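Visitor: First the structure, which I've put down as structure tokens, then a few questions once you've had a look.
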Amino acid sequence: CPTAADLRPANGTRLCAQLYADNSPYYDQCCAGDVLEVPPGSDVPYMPRGWSARVSSLVVGTRCELTVWSRKAKKGKSRRFSA
């Protein structure tokens, strides 16, 4: 997985988080498959099409916090992740 400080796409802008579709019990094989990039200041009450219940690993950038909910529209239990 990339480090929190490494979250910069090809164009050089900063990202707050990257969510990955594939996971593995082996750390060096985690953070694989499709990637969902989360830019700073994002407020998304619904996962993009095809991502619901699909995220298996994530990396949160420095000076960022990612809050996720167990149900759509920011309902249910929440959990916060940081670098």
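Visitor: Let's test the formula: R0 of 22 Å, r as the Cβ-Cβ distance of SER78 and TYR26. What FRET efficiency results, to the nearest 0.05? Walk me through the numbers on the way to the answer.
Guide: Values: r = 29 Å, r/R0 = 1.33.
Result of the calculation: an efficiency of 0.15.
Visitor: Tell me the chymotrypsin sites (Phe, Trp or Tyr not before Pro) within the stretch 17-71 that lie in a loop according to DSSP and have at most 16 other beta-carbon atoms within 10 Å.
Guide: TYR26, TYR46, TRP51
Visitor: Further question on the same structure: Leaving out ligands, DNA and RNA but keeping every protein chain, what accessible area does THR13 have, in Å² rounded to the nearest 10, with a 1.4 Å probe?
Guide: Result for THR13: roughly 80 Å² accessible.
Visitor: Continuing with the same structure: Accessible area, 1.4 Å probe, largest first: how do SER57, SER52, SER78 sort?
Guide: On the way: SER57 20, SER52 95, SER78 75 Å².
Reading off the accessible areas and sorting them downward yields SER52, SER78, SER57.
Visitor: Which sequence of LEU15, LEU58 reflects their accessible areas, 1.4 Å probe, from the largest down?
Guide: LEU58, LEU15
Visitor: Would you mind telling me which residue in VAL38, VAL59, VAL68 has the biggest mean-square fluctuation in a Gaussian network model of the chain, where springs connect alpha carbons within a distance under 10 angstrom?
Guide: Of the options given, VAL68 has the highest mean-square fluctuation.
Visitor: Per-residue HN-Hα couplings for the stretch 28-41, Karplus 6.51 cos²θ - 1.76 cosθ + 1.60 at θ = phi - 60°, whole Hz, x for Gly and Pro?
Guide: Whole-Hz 3J(HN,Hα) from phi for the stretch 28-41: 5, 10, 6, 6, 10, x, 5, 10, 10, 8, 10, x, x, x.
Visitor: Note down the accessible area of ASP6, probe 1.4 Å, to the nearest 10 Å².
Guide: 90 Å²
Visitor: Taking all protein chains together and a probe of 1.4 Å, list VAL60, VAL55 from the most accessible to the least accessible. Kindly include the intermediate steps, with their values, before the conclusion.
Guide: Values: VAL60 10, VAL55 55 Å².
Reading off the accessible areas and sorting them downward yields VAL55, VAL60.
Visitor: Moving to a separate point now. Sticking with the crude label model, points 7 Å out along Cα→Cβ, report the distance from VAL68 to GLU37 in nm, one decimal please.
Guide: 2.0 nm
The values are calculated or read from the model by the stated rules, or taken from the named source; none is laboratory data. Everything quoted here is computed from the prediction, not taken from an experiment. As a convention, Cβ positions derive from the backbone with ideal geometry for all residues, glycine included, and neighbour counts pool all protein chains shown. In case anyone asks, the SASA skips ligands and DNA or RNA and just uses the protein heavy atoms, side chains included. Shrake-Rupley method; radii C 1.70, N 1.55, O 1.52, S 1.80 Å.
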